[in-house]
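The block underneath contains the structure these notes are about, expressed in structure tokens.
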């Protein structure tokens, strides 16, 4: 193994920032969700890298749990997108700014 | 990388070629069998018994003009068949045809599989699930209603049956205690898992038929409803690649069934690869038989079957297996 | 054995859960039968447990079992404790047995009510609560049951929640009971402070160490709870109003079980009450006054259920007299027989009301003897038992109470004796006033119009309503034979061990003498009632308008208790809230500077909408910038 | 060998991540994310986390991304809203914040000293090891995740089912059919009437 831990962490940080840019700049809920996935995945990479450094399976478990939660988040997010489409709403998060409840 | 890079490359090359020939030959077998089932002759003009029909078909396909429909997304449109094909072939690479063989006349031994990892089953599942992107991308990139509907149907079907499929397979994993195909098939020397895992096998088989988009679950290309589904807009060799990918998927799933439930390459008298081929052939025959016999299901029936029948049964099987393994 | 008691306790709870979950999925009748079968199973369990208890040697019949401790704080700990002895067994049998019969009765009674499933679930809940109350081995768990029966009583009185009167009655019952609950809770606190424990065994063991003052105060507080729950003076006003609920409820809760909880409490805590003789005397006096007062009021009531309700009050007052005289067994014995004949009377009244399509005024009845012969026969047994006529059950149990008064031979004993005999006279009058006005006399126009069609339509009532009445009639007739003076001795010998300090038991001679007096006086009362009400006499009307006018008015207003409470509490509260809302709220808080406060809030709200603009991306941006700045700060500072 | 694979995979990961964010069409974005996931799986394999890599492909590629594509195809062209129309200061601030975080983290990780890679057990990263940890130390987390997933599934169904036109009951269908039949009958009789009137008119 010649690749060091810092490299993995740096890649992870870069991916995280790219995802963050997506979340901050895009207005379509679908793209925001996709960017969020990028961020989550970069975190997974960090977790697994640290797990490898320590030599235990804890970090990998965390990564798996993050995946599970990501699946849950996507289900709810996509459900919202579908609901918005059904109600003929514009798929733009900037338009979703009034609470009605 | 069990045998070194060169041997692996050679084995892969051989395997791909065998598969493609197998595919070509199987199209003939299928047409012939369907013909007989329907009291016809099937192809019988080209060569003896129509044996050369696949080659004639190949020639025809090659001659077709490759065109891209207006409005299609060109890159994705071109990419889709390759994705489908590559994933189908890749998944097959992990199938074991036996343990170790010696090349006659030399004492060079090699393994009768390309790779064996401790997570083979997961890898096959992973590659198999990637294969569906070929369908979806093809359907979407064609910019055609029917193709899109076919692709979406494919996804819905995949998601519904993947769950039951995986759960059914987990029963075998629990019993064998491993995800490696070699270990699993070796564990069945005394008793094929089809007997203790009969519930799991039934679910597996139905789900496998659905995952390979074979009749009666071929809703992704139901010609009465969505013309030809995701490959409506494809022609020539690209269409052939889709067809080949689909068939190779069927072969892969047959091989998977053979390995997981029928002992894989093990069997008396004959060498492993022959047994494997016999078992795969048996599976394929049943698939063709089903195609000739059963009418296509409706889409809601498909969903109902997947979620309300297969999933509970697979879960039951899983629980039973786990309980037996723990308390035995 | 204790397992069976646990099962008895669990079954109604399971019933509640099942009925709540299944709800409308069950057919209405199915829900009724399900609840009834559960009750039958509970009764069988209780019966078998009782038999097993009886088969133990005497003196070894007290079983305490701690299921688990669910609350510990310092040296205070409360567990789910079970106390099973002779008294508990009697209560279990009464609750589950009468409860089962009334569940069956309810199937017929609530047949046409779309919400009968909810009713059945409440009934099961009530039975569960009552069981918790009687099987608990510590006062906290008893309080839990105490509160739960209050709740279920509230729910059931207000079952017809579109009837404003029913809602009002339910609230009244709940508030009155809450006063009692507070008293009981305070008593428990005091006992814990004094003795450091809330378990019965601990309290009984430590009771002798208390000074008389301490014991008296504690007992007085417990008495508040008992008085409220048992509808005794002065917290009795809720019971007559509670008759707005469905009739089975009146029979089960407001006659046979819940209202007797006060008697149970005193009998249960007798090792403590022994140390507070003054409180015991107070109990007797409350009882005597209460039984005379409610007997008098009952004579002028015209609502069939209210008459029986006041009669219940007076009978429970008898029980109070019994336990107050330290003849605890007589109180419980009367509780036992009373459960039968009072439930019988209520259910019979329910059948009458049913046949008359909901009419409850006895002036609109009359002559029902011929149309409802079975109901008449059964209710007659109940009425004779209630009036204490030998050899019906009420005679034995009530005379046992009075004989104890004779036996004690103190001023209090004589008060109890004379008061009780006078009460017997009143009982005879009001009971048979009811019977004569409902069943004899010439039919009223209303009854003449309604009854024939009603009887032709469904006879005297559905069999699910008639059979419980028959069974109760048999019980009302024979349960007195448990304790025939000088012949059988079961009631006393069974209950004797619950009072470690001994109980009062009259001699056989005193008993028979009292029985003779009681029966004679009861017959006199019946004769008076016959003279006044059976024939078409204008005597009652003359009294009503003539010399007894003021007295009559007082009785019809129930001796002004309700008016007293209204004046003492309701009016001042109304006045105070009116003052607060009209004079304080509307004027004081409308002043300009205070209105400015609202403006200020609105201003801040508006100014923050610039940032809180609902655009999620902006929030995320600020968040990200914040994280970046934070890390930067740590980097720079930490180096 | 490892370093080559690492740089290829990470280069692909970054490129595909940029594509995810920059692509106008969500379908292409999703496919780019798929590429990102596969590249990351390769990185995970480099870290000997075979099971997590396989799970990454199966869970993300096999399930989550499939759902994404399905929904994007379902939503159709409406999904392409929101690419342009943003104020420049927003872009600058967003890029600034992200770059700040990335640079800071990189500075930290290269400035810090880490230990070497640990020596691995034989079963590091295998399903057996993960499964054992998941079923013992992390059982609660596992259960909680399953409950959350279940709730999310229910929520998805509830959201997705909203706004659907109400399905008519059998009675309503019958009533509607009867009504239209009645209407047809009336129209037919009117047509006959008209025809007769016309013919009569012609006759006259």
Checklist outcome for this item: Residues of the stretch C:506-519 being modelled with pLDDT of 80 or more and surrounded by 15 or more Cβ atoms within 10 Å (Cβ to Cβ), in sequence order, are C:510, C:511, C:512, C:513, C:514, C:515, C:517, C:518, C:519
Checklist entry - For the stretch C:441-462, which residues satisfy the criterion of being crowded, with 16+ Cβ neighbours inside 10 Å and either touching a strand residue (DSSP E or B) at 6+ places or on another chain (Cβ under 7 Å) or at positive phi (or both)? => result C:441, C:461
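Residue-wise test of (1) surrounded by 22 or more Cβ atoms within 10 Å (Cβ to Cβ); (2) in a helix (DSSP H, G or I).
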{"position": "B:168", "(1), (2)": "yes, yes"}
{"position": "B:178", "(1), (2)": "no, no"}
{"position": "B:183", "(1), (2)": "no, yes"}
{"position": "B:200", "(1), (2)": "yes, yes"}
{"position": "B:205", "(1), (2)": "no, yes"}
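Kindly indicate the residue of the stretch D:152-180 that is in a helix (DSSP H, G or I) and in contact with a helix residue (DSSP H, G or I) (Cβ under 8 Å, 6 or more places away or on another chain) and also modelled with the lowest pLDDT among those meeting that condition. Outline the logic, then answer.
Of all residues in the stretch D:152-180, those in a helix (DSSP H, G or I) come to D:152-161, D:170-180.
Next cut, in contact with a helix residue (DSSP H, G or I) (Cβ under 8 Å, 6 or more places away or on another chain) only: D:152-153, D:155-160.
On the way: D:152: 90, D:153: 87, D:155: 87, D:156: 85, D:157: 83, D:158: 83, D:159: 81, D:160: 75.
Taking the candidates together, the pick is D:160.
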Checklist entry - Within the stretch B:87-118, how many residues are within 14 Å of residue B:251 (Cα to Cα) and either in contact with a strand residue (DSSP E or B) (Cβ under 7 Å, 6 or more places away or on another chain) or in a helix (DSSP H, G or I) (or both)? => result 6
Next on the checklist: Take residue D:16 and tell me if it is under 20 Å from the mean Cα position of the chain (by Cα) and buried (at least 20 other Cβ atoms within 10 Å of the Cβ).
Outcome noted: yes
Item to check | Residue among A:49, A:83, A:63, A:71 that is over 22 Å from residue A:25 (Cβ atoms), over 21 Å from the mean Cα position of the chain (by Cα), in a helix (DSSP H, G or I) and more than 14 Å from chain C (Cβ to nearest Cβ) | outcome: A:83
Checklist entry - Are there any pairs, at least 6 apart or on different chains, whose C-beta atoms fall under 6 Å, with the first in the stretch B:39-58 and touching a residue at least 12 places away in the same chain (Cβ under 8 Å) and the second in a loop (DSSP other than H, G, I, E, B), and if so, which? => result B:50/B:43; B:50/B:44; B:53/B:43; B:53/B:46
Next on the checklist: Among (1) assigned to a helix (DSSP H, G or I); (2) surrounded by fewer than 16 Cβ atoms within 10 Å (Cβ to Cβ), there is one condition residue B:125 misses while meeting the rest; what is its number?
Outcome noted: (2)
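Quick one: would you say residue B:164 is buried (at least 24 other Cβ atoms within 10 Å of the Cβ), within 14 Å of another protein chain (Cβ to nearest Cβ), over 16 Å from the mean Cα position of the chain (by Cα) and modelled with pLDDT of 85 or more?
On the way: buried (at least 24 other Cβ atoms within 10 Å of the Cβ): yes; within 14 Å of another protein chain (Cβ to nearest Cβ): yes; over 16 Å from the mean Cα position of the chain (by Cα): yes; modelled with pLDDT of 85 or more: yes.
For residue B:164, the condition - buried (at least 24 other Cβ atoms within 10 Å of the Cβ), within 14 Å of another protein chain (Cβ to nearest Cβ), over 16 Å from the mean Cα position of the chain (by Cα) and modelled with pLDDT of 85 or more - is met.
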Item to check | Number of the exception - residue B:130 against (1) part of a loop (DSSP other than H, G, I, E, B); (2) under 16 Å from residue D:63 (Cα atoms) | outcome: (1)
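From the list D:61, D:41, exactly one residue is crowded, with 19+ Cβ neighbours inside 10 Å, part of a helix (DSSP H, G or I) and more than 7 Å from every other protein chain (Cβ to nearest Cβ). Which is it? Don't jump to the end; show me each part of the working.
Working: D:61 fails: more than 7 Å from every other protein chain (Cβ to nearest Cβ).
After ruling out the rest, the residue left standing is D:41.
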Checklist entry - Can we say residue B:106 is more than 11 Å from every other protein chain (Cβ to nearest Cβ) and surrounded by fewer than 24 Cβ atoms within 10 Å (Cβ to Cβ)? => result yes
Checklist entry - For the stretch A:22-46, which residues satisfy the criterion of being within 7 Å of chain D (Cβ to nearest Cβ) and closer than 25 Å to residue A:85 by Cα? => result A:22, A:24, A:25, A:26, A:27, A:28, A:30, A:31, A:34, A:35, A:37, A:38
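Among the listed residues C:488, C:479, identify the single one that is within 18 Å of residue C:390 (Cα to Cα) and not in a helix (DSSP H, G or I). Please lay out each step first, then the result.
Details: C:479 fails: not in a helix (DSSP H, G or I).
None of the other options fit; the residue is C:488.
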Next on the checklist: What are the pairs with Cβ atoms under 6 angstrom where one residue, in the stretch D:69-85, is within 7 Å of another protein chain (Cβ to nearest Cβ) and within 22 Å of residue B:135 (Cα to Cα) and the other, located anywhere, is modelled with pLDDT of 70 or more and surrounded by fewer than 20 Cβ atoms within 10 Å (Cβ to Cβ)? Sequence gap at least six, or different chains.
Outcome noted: D:75/A:85
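Just to check your reading of the model, which residue among D:118, D:94 is surrounded by 13 or more Cβ atoms within 10 Å (Cβ to Cβ), facing chain A (nearest Cβ under 7 Å) and not in a helix (DSSP H, G or I)?
Values: D:94 fails: not in a helix (DSSP H, G or I).
Exactly one residue qualifies, and that residue is D:118.
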Checklist entry - Within the set of pairs 6+ apart or on separate chains, which have a first residue in the stretch C:323-338 that is at negative phi, a second that is outside any helix (DSSP H, G or I), and C-beta atoms under 7 Å apart? => result C:325/C:504; C:327/C:503; C:327/C:504; C:327/C:505; C:328/C:499; C:328/C:503; C:329/C:503
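Hey, can you tell me all the residues within the stretch D:133-145 that are in a helix (DSSP H, G or I) and either more than 8 Å from every other protein chain (Cβ to nearest Cβ) or modelled with pLDDT under 85 (or both)? Give the steps one after another, and end with the answer.
So the first thing to find is which residues in the stretch D:133-145 are in a helix (DSSP H, G or I), and the list is D:133-135, D:139-145.
Matches in the stretch D:133-145: D:135, D:139, D:140, D:143, D:144.
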Item to check | The one condition in (1) surrounded by fewer than 24 Cβ atoms within 10 Å (Cβ to Cβ); (2) more than 7 Å from every other protein chain (Cβ to nearest Cβ); (3) within 25 Å of residue D:31 (Cα to Cα); (4) modelled with pLDDT of 90 or more that residue A:14 fails to fulfil | outcome: (2)
Checklist outcome for this item: Every listed condition ((1) at pLDDT 90 or above; (2) within 23 Å of residue D:54 (Cα to Cα)) holds for residue A:52 save (1)
Checklist outcome for this item: Of the residues in the stretch B:258-275, those that are assigned to a helix (DSSP H, G or I) and farther than 24 Å from residue B:174 by Cβ come to B:272, B:273, B:274, B:275
Item to check | Looking only at the stretch B:41-57, and only at residues there that are in a helix (DSSP H, G or I) and exposed (fewer than 15 other Cβ atoms within 10 Å of the Cβ), the one that is farthest from the chain's Cα centre (by Cα) | outcome: B:48
Checklist outcome for this item: Within the stretch B:287-303, residues surrounded by 14 or more Cβ atoms within 10 Å (Cβ to Cβ) and in a helix (DSSP H, G or I) come out as B:287, B:288, B:290, B:291, B:292, B:299, B:302, B:303
Checklist entry - Which one of these does residue B:35 not meet: (1) assigned to a helix (DSSP H, G or I); (2) touching a helix residue (DSSP H, G or I) at 6+ places or on another chain (Cβ under 8 Å); (3) over 30 Å from residue D:32 (Cα atoms)? => result (2)
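The values are calculated or read from the model by the stated rules, or taken from the named source; none is laboratory data. The structure displayed is predicted, hence computed values, not measured ones. Here Cβ is always computed from backbone atoms with ideal geometry, including for glycine, and neighbour counts include all displayed protein chains.
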